[in-house]
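Below: one structure, written as structure tokens.
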Amino acid sequence: MPIISGLLKVLDKTGFRLLVLASVVGIVSGCGALLFYFATNSVEHLMLGKIGAFHPPLEGTPESSFTTFIGDLSAPYRWCLFLVPAVGGLFSGWLVYKYAPEAEGHGTDGALEAFHRKRGVIRGRVPIVKTIASIVTIGTGGSAGREGPIAQIGAGFGSFVATKLGLSTMDRRILLLAGMAGGVGATFRSPLGGALFAVEVLYRDPEFEHEGLIPCIISSITAYSLFGAVTGWEPLLDTPLFRFDHPAELLLYLALGVCCALLGVVYVKTFYGVRDLFKLLPVDNWLKPAIGGLALGLLAMFIPQVLGSGYGWVQAALYGKMALWVMLVVALAKIIATSLTISSGGSGGVFAPSLVIGAMLGGAFGASAEILFPALTQDPRAYVLVGMAGFFAGVANAPIATLIMVSELTGNYGLLAPLMLVCVVAMIVMRKNSIYEKQVAGRFDSPAHMGDFVIDVLEGITVRKLARKGRKPTLIPEGMTLPDILDKIASAKTAYYPVINKDGQMTGIFSVNDIRRILNEDIPPTLVIAGDMATKNVISATPDEHLTEVMKKLTARNLDEIPVVDSEDPQKVLYMLSRRTLLAHYAEQVEKTKEEFTE
């Protein structure tokens, strides 16, 4: 540890400490994303594929070799499909509520709460419990995504590193964000989107945690590179080559943005409404995810597309292989399925389900637009891509990160203009609704920035303004003996006494405490003169000095009073200014400021 501490000090002097630590966090986040990816796929293949005989289409499959849903209803164990999510919910609920209750639900909220209200601290066991519980939940068909769990896993490691190295609270919060960025950037093969997501998702208003942007970019690049080196560099979803060169079509995209927002409100209300209903159930909390899983399984017997993350169905919609009514049904059913999975206490993210819902809505909108407005609609499949970005941008209040992430995970940048329009419109319409409860309105509302916005009401005010509140100085000649000094200060109202020479120039200063110290010594009082007691290094102020600077001087030396001297003649004392006078003026200005803000 001494070697590490020394290295960190060197890095701190050069300004590279956080960047180096962010890259370390990125490596671990990338490894976590890999572990999560392969473990989830393995459990899903065993539980859904082998036991449930459920084989949905896969994301990233080229259109030339793409097949639609394959499932044999007569398979021996197909009737068990509705039980599989319940089994996953049972195990997940037991694990979470026994070892880390804060790991329930979608993990992004847990990371947001840690950033805003817990000084960036995440318990060490939370990422471990979250990982296992989410693998089981998603692998057994739970309608959840990888974004929440991997965000909390990365954030947990960032918090752990900062805590172990004894870093400041602000540094711990930044490394927490770097962990989120690394996990999301790797999982969705979106390095820039992951970095932007981590700094944008904190707030409902269009604000960024700009202090964390560079570390988040470093972490995200590192994690993405590690993940890509193992799994490949192809985008998550394969898409046709879309393009936008028909400005009049923006009217349809504008309408799609409003539709995304309206369905987003339904999604958020349903999600938290179901959560409130589960809270009323008279059973132990750890059993509730199993009940939610059982209800999900029953729904899946009729609409199997609701199981799992659902990226394969987005892929089907992008290729135009899903009917209009099927996409509408899946969009609505996915809202219910996600609420049953996560709002019941299950573990998983809301990003993937939100993309599926938005894609299905966009696909249905595009198919309808082609029927109603064929002259305006270039390619109805393009609305699938724009819909999934717009929907999540609305429910997450993260338009910039979302449009970049969707462009990166599809490898398609030809629709940036409609993406920007739909994401911004959806976010504006949905402004007060968010799937992330722990978001705060803006930096001003975050406890993490409580001290950043304190208005310095003394800034700009000079000492001259308080001249009338200053006290007349009690000037003591250098040669005055202690008995005479005691007689002179008996009626004085000041605590400090400037010492002057025969020309009236200040040569030093002493306080009542200095007199007490002399009296306690075995020295004849008549032998003690003012010049002997005085401190030669006088801390003073001038009439043109700002009160902020004066307060700093008083605080730094723990002084109760300071002499104000002539600007042109620093040895000429004009009056004494006390700390109490400054504090009274400060309180007065604060009250005026409050009245101005409340008018």
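When you check R464 against the structure, is it touching a Lys or Arg at 6+ places or on another chain (Cβ under 7 Å) and modelled with pLDDT of 80 or more, yes or no? Give the derivation first.
Details: touching a Lys or Arg at 6+ places or on another chain (Cβ under 7 Å): no; modelled with pLDDT of 80 or more: yes.
When the stated conditions are applied, R464 does not pass them.
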**Hey, V306 modelled with pLDDT of 90 or more and under 14 Å from G363 (Cα atoms) or not** = no
**Fill in**
Here the qualifying pairs (Cβ atoms under 7 Å; residues six or more apart or on different chains; first in the range 341-360 and closer than 16 Å to T137 by Cβ; second of a type in the set (D, E) and not in a loop (DSSP other than H, G, I, E, B)) come out as G349/E147; F351/E147; A352/E147
**Message:** Between a residue in the range 190-203 that is closer than 13 Å to F115 by Cβ and any residue that is among the β-branched types (V, I, T), which pairs come within a Cβ distance under 8 Å, given they are 6 or more apart or on different chains?
**Reply:** A198/V184; E200/I400; V201/T108; L202/V440; Y203/V440
**Complete:** Only one of V406, V350, V395 is assigned by TED's automatic domain parsing to the domain that holds R275, out of contact with any helix residue (DSSP H, G or I) (no Cβ under 6 Å at 6 or more places or on another chain) and within 15 Å of E147 (Cα to Cα), namely V350
**Asked** Do the conditions hold for G158, that is, is it touching a Leu at 6+ places or on another chain (Cβ under 9 Å), assigned by TED's automatic domain parsing to the domain that holds K438 and not in a helix (DSSP H, G or I)?
**Response** no
**Request:** For the range 186-200, state whether one or more residues are modelled with pLDDT of 95 or more, polar (S, T, N, Q), assigned by TED's automatic domain parsing to the domain that holds C423 and under 22 Å from K130 (Cα atoms).
**Result:** no
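Taking the range 271-310, which residues are of a type outside the set (A, V, I, L, M) and over 17 Å from T140 (Cβ atoms)?
Taking the range 271-310 as the starting set, the residues that turn out to be of a type outside the set (A, V, I, L, M) are 271-273, 275-276, 278-279, 282, 284-286, 288-289, 292-293, 297, 302, 304-305, 308-310.
Those that are of a type outside the set (A, V, I, L, M) and over 17 Å from T140 (Cβ atoms): F271, Y272, G273, R275, D276, F278, K279, P282, D284, N285, F302.
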**Item:** Criterion (modelled with pLDDT of 90 or more, closer than 13 Å to G363 by Cα and assigned to a helix (DSSP H, G or I)) met by exactly one of V386, V406
**Value:** V386
**Message:** So, G145, is that one in the same structural domain as Y37 (by TED's automatic domain parsing) and over 26 Å from G292 (Cβ atoms) or not?
**Reply:** no
**Request:** Scan the range 90-101 and give yes if some residue there is at pLDDT below 85 and under 29 Å from the mean Cα position of the chain (by Cα), otherwise no.
**Result:** yes
**Item:** Subset of the range 119-138 (residues that are outside any helix (DSSP H, G or I) and surrounded by fewer than 19 Cβ atoms within 10 Å (Cβ to Cβ))
**Value:** R119, V121, R123, G124
**Prompt:** Tally time: how many residues in the range 418-445 are in a loop (DSSP other than H, G, I, E, B), aliphatic (A, V, I, L, M) and either at pLDDT 90 or above or under 18 Å from F208 (Cα atoms) (or both)?
**Reply:** 2
**Prompt:** Can you name the helices (runs of 4 or more DSSP H) wholly within the range 181-298 that have at least 2 residues being surrounded by fewer than 16 Cβ atoms within 10 Å (Cβ to Cβ)?
**Reply:** 213-231, 250-280
**Asked** For the range 501-599, which fully contained helices (runs of 4 or more DSSP H) count at least 3 residues that are under 47 Å from the mean Cα position of the chain (by Cα)?
**Response** 547-556, 579-598
**Request:** Starting from the range 280-297, take each residue that is in the same structural domain as V129 (by TED's automatic domain parsing) and closer than 10 Å to G89 by Cα and list its partners that are among the aromatic types (F, W, Y) and surrounded by fewer than 23 Cβ atoms within 10 Å (Cβ to Cβ), counting only C-beta distances under 6 angstrom and pairs at least six apart or across chains.
**Result:** W286/W94; W286/Y97; K288/F278
**Complete:** Within the range 351-408, residues being within 33 Å of the chain's Cα centre (by Cα) and among the polar types (S, T, N, Q) number 4
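Step by step: first the residues of the range 446-457, then only those that are crowded, with 18+ Cβ neighbours inside 10 Å and either at pLDDT 90 or above or not hydroxyl-bearing (S, T, Y) (or both), then the one that is nearest to A255 (Cα to Cα). Which residue is that?
A448
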**Message:** Whether any residue in the range 318-326 is among the aromatic types (F, W, Y), on the phi < 0 side of the Ramachandran plot and assigned to a helix (DSSP H, G or I) is what I want to check.
**Reply:** yes
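The values are calculated or read from the model by the stated rules, or taken from the named source; none is laboratory data. Note that the structure is predicted; figures quoted are calculated from it, not measured. Glycine gets a Cβ as well: all are built from the backbone with ideal geometry, and neighbour counts include every protein chain shown.
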